[in-house]
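What follows is one structure encoded as structure tokens, with my remarks underneath.
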Amino acid sequence: MPTDISRSEGCTLTGVLSVTGFLEGAVTVIHGPSGCTHHNASLLHASLAEIGDLEVPRLVSSNLQENEVIFGGEAALEEALRAADELRPGLICVVSTCLADTIGDDTAALCREKRSTPVVHIPGAGFLGGGFSEGIKNALRSLLTLSSRQDRISRDGEVLIVGEKNLEYEAEENYCEVARLLSLLGLHPGIRFVRRMTASDCARISSAPLAILRDPGLIEVGSDLTRRFGTTVLPGFPVGPDGTLRFLKDVGEAAGINPLEAIRDEEGRLDDLYARFDDLVGAEIRIDSHHADPAAVAAARTVIRQLNMTESETGTPLRLPFDPPIGTEGTKRMLHLFRRCLGRA
Amino acid sequence: MRQIALYGKGGIGKSTTSANLSAAWAEEGRDVLQIGCDPKHDSTRMLMNGTVIPTVLDLLRDNGSAIPVADVIYTGYAGVRCVEAGGPDPGVGCAGRGIIATFQLLEKLGALRGDIIVYDVLGDVVCGGFAMPMRESYAEEVYLVTSGELMSLYAANNIAKAVSRLSANRRSRVRLGGVIGNGKNIDCEEELVAEFAEAIGSRLITFIPRSPTVQQAELNKKTVIEYAPASSQAEVYRLSAGAILGNTEYSIPTPLTIDELESLAYRYLKE
């Protein structure tokens with residue numbers, strides 16, 4: 001039976017770097033050939049420039065060459081760790097690559113050795129089938145080991161935000177929307193695990209009693225949070241109008257807060273939103289759901305119903321957002337997109 | 001130039017056989033190069049009167065690829081040129097890749113020449129690096145060294161699989177030259193090994209009976225050819241060397257299933 005090792009969603013290592021690259025004060029050591037680092041540095045540079053960020057994360061390569069392939073690369077990793085340490089980081093993240101795993105280097109054991117700077121090992125080899133998403137999960141789960149129940153300092157109303165899509169165009173907008181929704185319940189985001197959080201904040205991950213995952217694909221990270229720290233975990237950011245109201249209800253219940261007032265507020269805000277797009281009412285449209293995210297399709301169909309739009313084969317094709325719309329603000333951006341599609345028709 | 005590879009289970013006697021064959025060919029005045037491809041690097045020791053020569057990989061590790069040919073190739077008994085590939089410490093790195101690096105260096109140095117090149121290759125390890133002598137057509141004739149023991153036959157059968165797979169490539173020139181029986185004093189051992197050879201579509205090219213002369217020669221750090229040139233065992237090696245050199249029959253083997261292999265061995269065990 002062939003194994004599905006489709007690379008369509010990208011390299012495991014890139015997934016890891018999309019997390020560790022946003023950990024301020026940390027250096028990432030890529031234990032593999034320099035090509036792995038070069039390729040990913042180029043990719044990160046291009047992706048970050050696209051979203052207006054010109055700072056490439058600090059990466060160090062252990063630069064494995066033929067000698068290391070034959071005789072083992074652990075000495076090269078030691079050297080890379082020394083080079084990383086000279087940058088005086090708060091944390092060194094060591095990512096093992098396909099090559100290091102293939103030749104059998106015990107990267108994890110080397111990372112466990114006592115050092116002046118904390119070192120965490122993150123599996124980054126994808127040759128057995130892992131991809132970009134696996135890399136994100138591996139990174140988040142490995143970083144959890146830097147915190148413990150003993151580090152727990154409870155902060156009232158603080159919610160842990162887990163696994164934001166750092167390379168996403170609308171990462172900040174989505175975060176602001178989640179923060180706004182939480183504020184309706186008297187809550188606020190604490191640590192953003194991990195987006196622009198400092199390396200030293202890793203020890204505080206256990207502090208928040210409630211965590212919200214960026215999307216349900218991170219459920220294993222959520223399970224780890226619950227098992228390690230007893231954190232209550234909600235499985236995803238709110239998607240579309242229905243998801244937004246459900247999010248308020250779920251967060252309220254998880255935090256022991258009556259959500260009814262917040263839900264009523266948001267329902268009013270949604271009504272105002274639909275009113276602002278009344279020029280779309282009754283439009284004849286068509287959506288291509290073949291390659292779209294099912295959550296984005298469901299959110300689109302909710303607003304289509306609300307605005308009495310009709311779907312037909314001959315209708316104007318509507319483009320769906322690349323990522324499902326987060327909250328009411330995301331829904332608003334989706335409606336702007338629909339308006340542009342209809343305006344061009 | 002004949003390029004001959006002897007594959008077989010670790011400890012089956014490949015190095016002893018290779019060294020004695022090389023010695024026999026060299027005595028006849030042939031220019032022989034023997035390359036030990038086992039990380040334990042003792043293939044050529046008896047040809048070198050017990051001296052363990054530096055390995056190519058140790059030299060590569062210490063000096064990079066700027067190595068003079070005299071540091072890699074050592075002249076042993078009757079002028080046999082000896083090379084040891086070596087390997088990493090157990091449990092680290094990739095010994096297979098080391099074999100590839102060794103061949104690339106020897107090629108770069110122009111050292112892969114002579115009348116006969118003998119590749120002495122470990123058969124328990126079946127990664128691409130160890131198949132390199134076959135895959136890249138360094139070795140054109142493969143001989144399987146086996147006794148009548150099941151594990152030894154199992155390793156030989158595995159190598160037969162590799163020959164079969166690699167010869168499917170149209171560029172490949174690798175073929176199975178035959179099976180060399182290296183006796184362990186098992187009843188009907190020669191018949192068992194011969195039947196195994198036929199079962200995989202090949203033939204027993206020679207059978208080397210177990211002899212105390214081999215151990216005596218090794219204790220004296222010599223090949224049998226050098227230590228006891230008039231002995232019957234030396235004659236066996238000379239005849240074997242002649243049989244291999246005179247061989248013109250090559251085949252693409254049809255390896256056995258594990259069940260077929262076991263029932264073959266079991267039948268002889270019962271008898």
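The values are calculated or read from the model by the stated rules, or taken from the named source; none is laboratory data. Just so we're clear, the structure is a prediction, and the values are computed from it rather than from any experiment. Note that each Cβ is placed from the backbone with ideal geometry, even for glycine, and that neighbours are counted across all protein chains shown. Ligands, DNA and RNA are stripped out before the accessible areas are found, and what is left, the full protein with its side chains, is counted by its heavy atoms. Shrake-Rupley method; radii C 1.70, N 1.55, O 1.52, S 1.80 Å.
Could you tell me which numbered condition B:GLY10 fails, if it satisfies all but one of (1) within 19 Å of the chain's Cα centre (by Cα); (2) open to solvent by 30 Å² or more (accessible area, probe 1.4 Å)?
So the condition that B:GLY10 fails would be (2).
Starting from the stretch B:202-226, take each residue that is in contact (Cβ under 8 Å) with a residue 40 or more places away in the chain and list its partners that are open to solvent by 40 Å² or more (accessible area, probe 1.4 Å) and not in a loop (DSSP other than H, G, I, E, B), counting only C-beta distances under 7 angstrom and pairs at least six apart or across chains.
Final answer for the pair search is B:ALA217/B:TYR227; B:THR223/B:TYR77; B:ILE225/B:GLU27; B:GLU226/B:TYR77.
Suppose the filter is in contact (Cβ under 8 Å) with a residue 24 or more places away in the chain and closer than 15 Å to B:THR55 by Cβ; does B:LEU105 pass it?
So B:LEU105 fits the description; yes.
Does B:ALA101 satisfy being among the aliphatic types (A, V, I, L, M), part of a loop (DSSP other than H, G, I, E, B) and either farther than 16 Å from B:LEU261 by Cβ or open to solvent by 10 Å² or more (accessible area, probe 1.4 Å) (or both)? Can you show your working first?
Details: among the aliphatic types (A, V, I, L, M): yes; part of a loop (DSSP other than H, G, I, E, B): no; either farther than 16 Å from B:LEU261 by Cβ or open to solvent by 10 Å² or more (accessible area, probe 1.4 Å) (or both): yes.
In short, no.
Kindly indicate whether any position in the stretch B:123-139 is β-branched (Val, Ile, Thr) and open to solvent by 20 Å² or more (accessible area, probe 1.4 Å). Outline the logic, then answer.
As a first pass, look at the stretch B:123-139 and keep what is β-branched (Val, Ile, Thr): B:125-126.
Still in the list and also open to solvent by 20 Å² or more (accessible area, probe 1.4 Å): B:125-126.
Yes, because at least one residue in the stretch B:123-139 is β-branched (Val, Ile, Thr) and open to solvent by 20 Å² or more (accessible area, probe 1.4 Å).
Check A:LEU128 against each of (1) over 18 Å from A:VAL95 (Cα atoms); (2) assigned to a loop (DSSP other than H, G, I, E, B) and name the one condition it does not meet.
(1)
Could we say that B:ALA85 is surrounded by 19 or more Cβ atoms within 10 Å (Cβ to Cβ), within 13 Å of chain A (Cβ to nearest Cβ), within 26 Å of A:GLN65 (Cα to Cα) and at pLDDT 90 or above here? Can you show your working first?
Details: surrounded by 19 or more Cβ atoms within 10 Å (Cβ to Cβ): yes; within 13 Å of chain A (Cβ to nearest Cβ): yes; within 26 Å of A:GLN65 (Cα to Cα): yes; at pLDDT 90 or above: yes.
The answer is yes for B:ALA85.
Of the numbered conditions (1) within 14 Å of chain B (Cβ to nearest Cβ); (2) free of Cβ contacts under 8 Å to residues at least 60 places away in the same chain; (3) over 26 Å from A:ALA203 (Cβ atoms), A:GLY35 fails exactly one; give the number of that condition.
Answer for A:GLY35: the failing condition is (1).
Would the stretch A:126-136 turn up any residue that is under 18 Å from A:THR198 (Cα atoms) and not small (Gly, Ala, Ser)? Please lay out each step first, then the result.
We begin by selecting, within the stretch A:126-136, every residue under 18 Å from A:THR198 (Cα atoms); these are A:136.
Restricting the remaining residues to those that are not small (Gly, Ala, Ser) gives A:136.
Scanning the stretch A:126-136 turns up at least one residue that is under 18 Å from A:THR198 (Cα atoms) and not small (Gly, Ala, Ser).
Here is a check on your reading of the model: is A:ALA76 more than 22 Å from the chain's Cα centre (by Cα) and more than 14 Å from chain B (Cβ to nearest Cβ)? Write out each step before concluding.
Numbers: more than 22 Å from the chain's Cα centre (by Cα): yes; more than 14 Å from chain B (Cβ to nearest Cβ): no.
Spelling it out, it is not the case that A:ALA76 is more than 22 Å from the chain's Cα centre (by Cα) and more than 14 Å from chain B (Cβ to nearest Cβ).
Given the criteria surrounded by fewer than 24 Cβ atoms within 10 Å (Cβ to Cβ), away from chain A (no Cβ under 14 Å) and either under 26 Å from B:GLY50 (Cβ atoms) or in contact with a Phe, Trp or Tyr (Cβ under 6 Å, 6 or more places away or on another chain) (or both), does B:ILE117 qualify? Steps first, please.
Details: surrounded by fewer than 24 Cβ atoms within 10 Å (Cβ to Cβ): no; away from chain A (no Cβ under 14 Å): yes; either under 26 Å from B:GLY50 (Cβ atoms) or in contact with a Phe, Trp or Tyr (Cβ under 6 Å, 6 or more places away or on another chain) (or both): yes.
Judged against the criteria, B:ILE117 is not a match.
For the stretch A:183-291, which fully contained strands (runs of 3 or more DSSP E) count at least 2 residues that are open to solvent by 30 Å² or more (accessible area, probe 1.4 Å)? I'd like the intermediate steps shown before the answer.
Values: elements: A:188-193, A:210-213, A:232-234, A:284-287.
Answer list for the stretch A:183-291: A:188-193, A:232-234, A:284-287.
I'd like the residue in the stretch B:42-72 that is part of a loop (DSSP other than H, G, I, E, B) and within 14 Å of another protein chain (Cβ to nearest Cβ) and, out of all such residues, is nearest to B:TYR7 (Cα to Cα).
Our first condition is that a residue be part of a loop (DSSP other than H, G, I, E, B); within the stretch B:42-72, this holds for B:42-55, B:64-68, B:72.
Narrowing further to those that are within 14 Å of another protein chain (Cβ to nearest Cβ): B:55, B:64-67.
Working: B:THR55: 20, B:GLY64: 29, B:SER65: 28, B:ALA66: 30, B:ILE67: 28 Å.
Only one residue tops the list, namely B:THR55.
Evaluate the following for B:ASP124: is it closer than 22 Å to B:ALA160 by Cα, assigned to a strand (DSSP E or B), among the acidic types (Asp, Glu) and away from chain A (no Cβ under 11 Å)?
On the way: closer than 22 Å to B:ALA160 by Cα: yes; assigned to a strand (DSSP E or B): no; among the acidic types (Asp, Glu): yes; away from chain A (no Cβ under 11 Å): yes.
No: the conditions fail for B:ASP124.
Among the listed residues B:GLY91, B:GLY96, B:GLY110, identify the single one that is open to solvent by less than 20 Å² (accessible area, probe 1.4 Å) and either assigned to a loop (DSSP other than H, G, I, E, B) or within 13 Å of chain A (Cβ to nearest Cβ) (or both). Before you say what the answer is, go through the steps one by one.
Details: B:GLY91 fails: open to solvent by less than 20 Å² (accessible area, probe 1.4 Å); B:GLY110 fails: open to solvent by less than 20 Å² (accessible area, probe 1.4 Å).
So the residue among B:GLY91, B:GLY96, B:GLY110 that is open to solvent by less than 20 Å² (accessible area, probe 1.4 Å) and either assigned to a loop (DSSP other than H, G, I, E, B) or within 13 Å of chain A (Cβ to nearest Cβ) (or both) is B:GLY96.
Determine if the stretch B:152-169 includes at least one residue that is over 15 Å from B:ILE4 (Cβ atoms), more than 14 Å from chain A (Cβ to nearest Cβ) and not in a helix (DSSP H, G or I). Let's see the steps before the verdict.
The initial filter retains those residues of the stretch B:152-169 that are over 15 Å from B:ILE4 (Cβ atoms), namely B:152-158, B:160-162, B:164-169.
Filter once more, so that each one left must be more than 14 Å from chain A (Cβ to nearest Cβ): B:152-158, B:160-162, B:164-169.
Still in the list and also not in a helix (DSSP H, G or I): B:168-169.
For the stretch B:152-169, residues over 15 Å from B:ILE4 (Cβ atoms), more than 14 Å from chain A (Cβ to nearest Cβ) and not in a helix (DSSP H, G or I): present.
Scan the stretch A:90-120 residue by residue and report those that are part of a helix (DSSP H, G or I), surrounded by fewer than 19 Cβ atoms within 10 Å (Cβ to Cβ) and more than 14 Å from chain B (Cβ to nearest Cβ).
Passing the criteria: A:ALA108, A:ARG112.
Check A:ASP106, A:ASP85 and return the single one that is in contact with a strand residue (DSSP E or B) (Cβ under 8 Å, 6 or more places away or on another chain) and more than 15 Å from A:LEU17 (Cα to Cα). Steps first, please.
Numbers: A:ASP106 fails: in contact with a strand residue (DSSP E or B) (Cβ under 8 Å, 6 or more places away or on another chain).
Unique residue meeting the criteria: A:ASP85.
Would you please name the residue that is farthest from A:HIS188 (Cα to Cα), looking only at residues in the stretch A:121-171 that are open to solvent by 50 Å² or more (accessible area, probe 1.4 Å) and of a type in the set (S, T, N, Q)?
Residue satisfying both the conditions and the ranking: A:SER133.
Every residue in the stretch B:16-60 that is hydroxyl-bearing (Ser, Thr, Tyr) and open to solvent by less than 30 Å² (accessible area, probe 1.4 Å), please. Don't jump to the end; show me each part of the working.
The first filter runs over the stretch B:16-60 and keeps only residues hydroxyl-bearing (Ser, Thr, Tyr), leaving B:16-18, B:22, B:43-44, B:51, B:55.
Once the filter is applied, which keeps residues that are hydroxyl-bearing (Ser, Thr, Tyr) and open to solvent by less than 30 Å² (accessible area, probe 1.4 Å), the stretch B:16-60 yields B:THR17, B:SER18, B:SER22, B:SER43, B:THR44, B:THR55.
Of everything in the stretch A:172-182, what is within 23 Å of A:SER206 (Cα to Cα) and surrounded by 21 or more Cβ atoms within 10 Å (Cβ to Cβ)? Give them in sequence order.
Matches in the stretch A:172-182: A:VAL178, A:LEU181, A:LEU182.
What are the pairs, 6+ residues apart or on separate chains, where a residue within the stretch A:251-280 that is within 26 Å of A:LEU307 (Cα to Cα) and in contact (Cβ under 8 Å) with a residue 40 or more places away in the chain has its Cβ under 6 Å from a residue that is among the basic types (Lys, Arg) and open to solvent by 20 Å² or more (accessible area, probe 1.4 Å)?
From the stretch A:251-280, the pairs are A:LEU273/A:LYS332.
Quick check on the stretch B:149-181: of everything there that is small (Gly, Ala, Ser) and out of contact with any strand residue (DSSP E or B) (no Cβ under 7 Å at 6 or more places or on another chain), which residue is surrounded by the fewest Cβ atoms within 10 Å (Cβ to Cβ)? Break it down into steps so the answer makes sense when it comes.
Restricting attention to the stretch B:149-181, the residues satisfying the condition of being small (Gly, Ala, Ser) are B:152, B:155-156, B:160, B:162, B:164, B:167-168, B:172, B:177-178, B:181.
Next, from what is left, pick out any that are out of contact with any strand residue (DSSP E or B) (no Cβ under 7 Å at 6 or more places or on another chain): B:162, B:164, B:168, B:172.
Values: B:ALA162: 21, B:SER164: 18, B:ALA168: 9, B:SER172: 17.
For the stretch B:149-181, the residue satisfying everything is B:ALA168.
Quick one: which of B:GLY91, B:GLY29, B:GLY76 is among the small types (Gly, Ala, Ser), within 29 Å of B:SER152 (Cβ to Cβ) and free of Cβ contacts under 8 Å to residues at least 12 places away in the same chain?
Only one candidate passes the filter, namely B:GLY91.
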